[in-house]
4 protein chains.
Amino acid sequence: MVGGGPGAFIGAVHRAAARLSDQFELVAAALSSDPQRSLSAAEELHIPRAYASFTEMADQEAQRDDRIDAVAIVTPNHMHYAVAKAFLDAGIHVICDKPLTTTLQDALDLSKTVTRTGLIFGLTYTYTGYPLVRQAREMVLAGELGAIRMIQVEYAQDWLSTPLEATGSKQADWRTDPERSGPAGCLGDIGTHAYHLACFTTGLRCSELAADLTTFVPGRRLDDNVQSMLRFEGGAKGSLWASQIAVGHENHLELRIYGEKGSLVWDQENPNYLRHSPLGEQPRLITRGGPEVGTASKWATKLPAGHPEGYFEAFTQLYSDLAEQITARLDGRAPDKRALLVPGVEDGVDGLHFITAVLDSARNGSAWTSIPKT
Amino acid sequence: MVGGGPGAFIGAVHRAAARLSDQFELVAAALSSDPQRSLSAAEELHIPRAYASFTEMADQEAQRDDRIDAVAIVTPNHMHYAVAKAFLDAGIHVICDKPLTTTLQDALDLSKTVTRTGLIFGLTYTYTGYPLVRQAREMVLAGELGAIRMIQVEYAQDWLSTPLEATGSKQADWRTDPERSGPAGCLGDIGTHAYHLACFTTGLRCSELAADLTTFVPGRRLDDNVQSMLRFEGGAKGSLWASQIAVGHENHLELRIYGEKGSLVWDQENPNYLRHSPLGEQPRLITRGGPEVGTASKWATKLPAGHPEGYFEAFTQLYSDLAEQITARLDGRAPDKRALLVPGVEDGVDGLHFITAVLDSARNGSAWTSIPKT
Amino acid sequence: MVGGGPGAFIGAVHRAAARLSDQFELVAAALSSDPQRSLSAAEELHIPRAYASFTEMADQEAQRDDRIDAVAIVTPNHMHYAVAKAFLDAGIHVICDKPLTTTLQDALDLSKTVTRTGLIFGLTYTYTGYPLVRQAREMVLAGELGAIRMIQVEYAQDWLSTPLEATGSKQADWRTDPERSGPAGCLGDIGTHAYHLACFTTGLRCSELAADLTTFVPGRRLDDNVQSMLRFEGGAKGSLWASQIAVGHENHLELRIYGEKGSLVWDQENPNYLRHSPLGEQPRLITRGGPEVGTASKWATKLPAGHPEGYFEAFTQLYSDLAEQITARLDGRAPDKRALLVPGVEDGVDGLHFITAVLDSARNGSAWTSIPKT
Amino acid sequence: MVGGGPGAFIGAVHRAAARLSDQFELVAAALSSDPQRSLSAAEELHIPRAYASFTEMADQEAQRDDRIDAVAIVTPNHMHYAVAKAFLDAGIHVICDKPLTTTLQDALDLSKTVTRTGLIFGLTYTYTGYPLVRQAREMVLAGELGAIRMIQVEYAQDWLSTPLEATGSKQADWRTDPERSGPAGCLGDIGTHAYHLACFTTGLRCSELAADLTTFVPGRRLDDNVQSMLRFEGGAKGSLWASQIAVGHENHLELRIYGEKGSLVWDQENPNYLRHSPLGEQPRLITRGGPEVGTASKWATKLPAGHPEGYFEAFTQLYSDLAEQITARLDGRAPDKRALLVPGVEDGVDGLHFITAVLDSARNGSAWTSIPKT
């Protein structure tokens, strides 16, 4: 693991997911950019091989017989590129938190590196690990909704409704700092999740968007509210709203997909239910692990229906799937197809294309802006 | 009453609201544009004074000692202007269904006529009659949410998901016919409701918008899906979605208002509840007739908490309020202030400005388009 | 109308329902037990024929050519019997609020009187007027749930959580007064509604019950909380809870029916939805006026799906149905079968049997107590 | 670990909870009553020290320097007693699944053994690990609801709606078999959870109950539906319903507590929310990790608000708390008080008293039956 020392949020989540998956052991780490903190943090977490820096770790692990199978990158965004690059070059599979990088150029370079090395690269867009998100994707791709017409996706939080970054909050600090987060605030932090979710579940490519970015909190250096209208290949339209100043929302990521023959609604805060409304029929509630669910959802389900799963379990699914991919590689066999839904480097590039297009459109009077194909 | 013969939807609603309000008696009508149908329909409904046409009705009522106090106009949209004009000129108060007219010019002319005649003009934006919509308005205007930042409003239906107008549906037929509905389909039919609701509850003026209009159903002659981004005076942003092809939604009009200090969420399909999330506190459920509700909501409440009110009761409130206004006029006194929330002709003009701006923006690559002050 | 002067709750509801049904005109009344108040109240409500007492009204109406078609009885419970008796003896159809009487003996006598006179007798168990309650009944009787196993019904309010009757509340005063309410408090006021709803929707007869009655509020003279276990003919079990001290509930009447092949859940506070869970399939939401609803529900539906109906509309349905029954009688034809679901005098007798059994069981250590067949 | 070989449900849950807690390592096991299966299962799960039987395991572990700190017992119910006894006698702390035993006598004996040995004994009533269950308890004990009046608890499932045990289902088989489950079916399996939850959250002792037990599914050997009325010390009343034939419910454990000053509602299927209705105020939603939550809830919270936790996390909390208790014992210090909410052997005895009283009451015409103090 690189990054994610004590006190960091997402590092602890990655570690919990790895443990719960029962497929990984955490044996080496460079947990901080400060060499001394890096060593002490690893000791605190009982990690056997502590390194002072990620470069040292990549170098030395590459030379060990019992080298790590994969590295988890959980640093602030601006470090993702260099760390990922180092480990890929060292021949080590990568599990990287999102967003992939802070610049499109870095993302494209990383994509090439993955192609060149042939290594496994997992990007932890958490929400793709939820069983019913996969159920939604499976239904849409199977044509159960008919041609998709409208996609409504929104990711609303309220933790940045006030200038929290001015109060010493570590989480708020780096996320609102262009140096460490890149040029996108709310847009990069959660807007990318929403965008990826819409594309992941529908299999549609977004071709252009028109966006309006706002910074509501005085003094804030990055956007905290993103509105956009989307147009997808094939004629579907969409609307994406991401906000970190939407008072009353904790982590409200909601996806609604409307097709000719039906619609689906899913909300991350109540993730064990998926509402399906077939045209002209009564809406029905698909429950995780419940009646009439499909293959993709069952694969990702860990508990019987009615025993709620949550955020940790979704994250764990990404780790389980990556374990299957890595194990298959080691075993020289094809991985189970159901384990291939983990987002990869190309999803990361898509995310950077999205960020870039939103920034461009917003700077340009919300003009419709094309999104290149990855 | 003009329009609203047997089989018409909104005419029957107006009559029910008038009865339930216990303030009106229906004594004269021109229920159809067909003279014979007009007379027979009135007989069927036991209305004493049947007229062959609205012009005849306006003329003759104007000359009676026991003339009607007000006329209700419930024709298809394209007739609103001429009928309203005729009755205003005859010195009779008007209760008109929305949208006010099919062209901005007619709307402006009607507005002048109302000013000139000094008559009462009520425009039945139904949703302003709901007690908790008024509660929301009262809270926002009292500053309980602080400065407003984001307004999310959506009005989604699914009854036009298929080409219903091709099957002989009378309702679908005129609503998708530019001759009778004007140049806006879904936009005029329900988009205006959503727009009005956002403005009514926040007291904010929308200064510009960027819109994308779509007709999803092949062969349809008017839009059936409206997306737009809004900018309000004072810096608030908004998003408006109206759709009649959103499978799974019957009459989903949802309003969400986010301010610096709190948010409100209301859904017309469950109208007896209003969710209020104060910043940093637990969200609470405001119930119609329940604890801690304000004056405006109490005025519009007819039943104790827990005894659900619905669409008829909201509509009835508009009639009750107009009755109070008319009675006060007859009595030569000032009406109760709480009865003044019924939308008027200026709200109708606002609606036409909105429609015009959306059409302009959509034709112009979704460019930001100014909305004139009424 | 007898009873229901200004300030009374249920009288105003009956009048609103009559108006909204568009089938009744209120032409005669004895609105108060105080002769002077009775006359002045009628004047205030613009009722043409005001009577000083119900006996006078029954006598004189019986002799008029333009006599009333039916009388609505909306007095406190203890008067129901005498008033109903007087009008039945005068040959006038009766619409009576529940409970039928305050004693079983009176109820039985009234039942005989109805049989003897052959008159129409409607008992306004409001909740049977809701379209989806009728939908539930239709589904159960059609066998869609298979044999019924468990019925869970609860009616919880909180308005009597404190000794409200000691504060001058007129509503609280008579409802907690054994002289005017009879020996049952919460039990008679709302427990009977719950019991009737369970029987109405399932068509099952309750054969015995075991009950525990409690008075939680110090100084209160009647019960304010009712618990009971039920056994139905055919082997179904049930549980009934009625409470007026359940803080947080406004008017929570919830019915849940579990059969071998499916279940139904309905809540009066959100009455436009009925949840149906077929065995081994996904739960679905039946919406009032929506897809796949049956005949009984459609008959009672006044507005399109998504336009909420509520308490007034349910009440109105009872008036509409009684109007159809009375009109058919006047016309010498059979009434529409769909209008025959209004509860009658026999449901009132059932209610008294239920009250009597609960009181007996509670006095007798919650022993299982038989309920006689009506 | 004893019991819980591959395919078993609860064994896998215990292992996941142990891993996720990051406080336990699984080093020894006797996973099956079949010696050969026991050894092979341990190998399959990569558990270093495999034993052929629990007696062998208890004996040998007791003699090791690196002996296990605690044993987790996840066998069918009828084995709990013997296994727990063996490990307690071996001086090893015990984590035991519920119910404690299948007979009251065994439970009382185990209780004495725990007292005698002074060892730590955790009983995994899962639902006490949910943060908001602890929040409810903290609020009730702090008097925020005032004196408790009514407790409504229900645990409804539908997986045994049909004779599943006749189809080869291992889970259904032992749970409906008196030899392995004891004399209580649904009553012991889930009724005890509901009963414990009611007592745990209110701190009230149930003094007597009246119960009706039913076996709805033909051929089933144990009850599948439990109804009971409860009376608590101090005057509170309660109602408990447990059912495994309630079609439409997956794992619906709902608790509602009504006091003089407020009420709480919690549902296991949506465990991150707790509804609090203070008397005369608007109901509010307490969210896990959200505003204004108390100490007990925060202690048990692993993720920020809006990132749902579920069943695994609740279970994990019990393991974390027991780890704190065991570590404190090893360290010779007092454990953190917040870790003391894990149910113990006395809760297990309470559960057996409850089972016994229900069986007695049901056999005795639902007579009120006393529950002895533990």
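Odds and ends about this structure:
- For a straight C-alpha distance cut-off of 19 angstrom, the lysines reachable from residue B:85 (same-chain residues fewer than eight places away being disregarded) are B:98, B:112.
- Remark: chain C carries a charge dipole of roughly 720 debye about the Cα centre, counting +1 on each Lys and Arg Cβ and -1 on each Asp and Glu Cβ.
- Hypothetical label at residue A:207: residues of segment B:187-225 whose amide nitrogen lies under 16 Å (7 Å Cα-Cβ projection): B:213-216
- Per-selection Kirkwood Rh - the protein assembly as shown (Cα, Å, 1 d.p.): 34.8
- Straight-distance candidates among the aspartates and glutamates for linking to residue A:373, with alpha-carbon spacing under 19 Å and chain neighbours fewer than 8 residues away dropped: A:106, A:109, A:208, A:233, A:346, A:347, A:350, A:360.
- Between segment D:318-357 and segment C:7-44, the C-alpha centres lie 65 angstrom from each other.
- Fewest-first ordering of D:217, C:94 by other beta carbons within 10 Å of each residue's beta carbon gives D:217, C:94.
- With R₀ set to 45 Å, the beta-carbon distance separating residue C:267 from residue B:373 gives a calculated FRET efficiency near 0.50.
- Anisotropy class of segment C:23-182 from Cα gyration tensor, a/c 1.5 cut: oblate
- Among B:289, B:203, B:332: highest mean-square fluctuation, GNM of chain B, C-alpha pairs under 10 Å: B:332
- Peptides C:43-53, D:28-38, C:122-132 ranked from most to least packed by the mean count of surrounding Cβ atoms within 10 Å: C:122-132, D:28-38, C:43-53.
- Exposure proxy order (Cβ contacts within 10 Å, fewest to most) of C:83, C:345: C:83, C:345
- With a simple spin-label model that places each label point 7 Å from the Cα along the Cα-to-Cβ direction, the separation between residue C:334 and residue B:233 comes to 6.7 nm.
- Segment C:131-205 and segment A:197-244 have Cα centres spaced 50 Å apart.
- Relative contact order of chain D: 20 percent, from C-alpha pairs under 8 Å at least 6 residues apart in sequence.
- Shape of segment A:30-69, Cα gyration tensor, a/c cut at 1.5: oblate
- Charge dipole (Cα centre; +1 on Lys/Arg Cβ, -1 on Asp/Glu Cβ; no other charges) of segment B:179-225 amounts to roughly 100 debye.
- Within a Gaussian network of chain D (alpha carbon springs, distance under 10 Å), most fluctuating of D:107, D:194, D:147: D:147
- Neighbour net charge for residue D:33 - beta-carbon separation under 14 angstrom, K R +1, D E -1: 0
- Basic side chains Lys and Arg get +1 at the Cβ, acidic Asp and Glu get -1 at the Cβ, and with that the dipole of segment D:9-123 about its Cα centre reaches some 280 debye.
- Expressed to the nearest 5 percent, the antiparallel share of DSSP beta bridges inside chain C is 70 percent.
- Sorting B:253, B:164 by the number of Cβ atoms found within 10 Å of their own Cβ, with the fewest placed first, yields B:164, B:253.
- Of all DSSP beta bridges confined to segment B:9-123, the antiparallel ones make up roughly 0%.
- Relative contact order [Cα under 8 Å, 6+ residues apart], segment D:1-118, whole percent: 22
- Highest-MSF residue in chain A out of A:165, A:281, A:56 [GNM, Cα springs under 10 Å]: A:281
- Peptide C:269-281 has a mean shielding of 5, counted as Cβ atoms of other protein chains within 10 Å of each residue's Cβ.
- Label point 7 Å beyond Cα along the C-beta direction, distances from residue A:37 to other copies (nm, shortest first): 5.2, 7.7, 7.7
- Summed over qualifying helices (DSSP H, 4 residues or more, each -39500 (n - 2.57)) and divided by its residue number, the protein assembly as shown shows a 222 nm mean residue ellipticity of -11000 deg cm²/dmol.
- The three principal axes of the C-alpha atoms in segment D:202-265 carry coordinate ranges of 45, 25, 14 Å, sorted with the longest axis first.
- Cα-only Debye scattering, segment A:33-102: base-10 log of I(q)/I(0) at q = 0.11, 0.21, 0.23, 0.26 Å⁻¹: -0.25, -0.94, -1.10, -1.29
- What the Kirkwood sum gives for chain C is a hydrodynamic radius of 21.1 Å, with every pair of different alpha carbons counted.
- Using R0 = 35 Å, the C-beta based FRET efficiency linking residue D:281 and residue A:221 works out to 0.30.
- With its label point put 7 Å out from Cα toward Cβ, residue B:333 sits 4.8, 7.6, 8.8 nm from the same residue's point in the other copies, in order from shortest.
- Reach of residue C:337 by Cα under 20 Å, taken over lysines that are not fewer than 8 positions away in the same chain: C:298, C:302
- Between residue C:62 and residue A:179, the modelled label-to-label distance comes to 9.8 nm, taking each label 7 Å out from Cα in the direction of the beta carbon.
- Pairwise label distance in nanometres, residue B:36 with residue B:142, each label 7 Å out on the Cα-Cβ vector: 5.9
We did not get these values from a lab; they are worked out from the coordinates using the rules stated. Since the model is a prediction, treat every value here as computed from it, not as a measurement. Ideal geometry is used to build each Cβ from the backbone, glycine not excepted, and the neighbour counts take in all protein chains shown.
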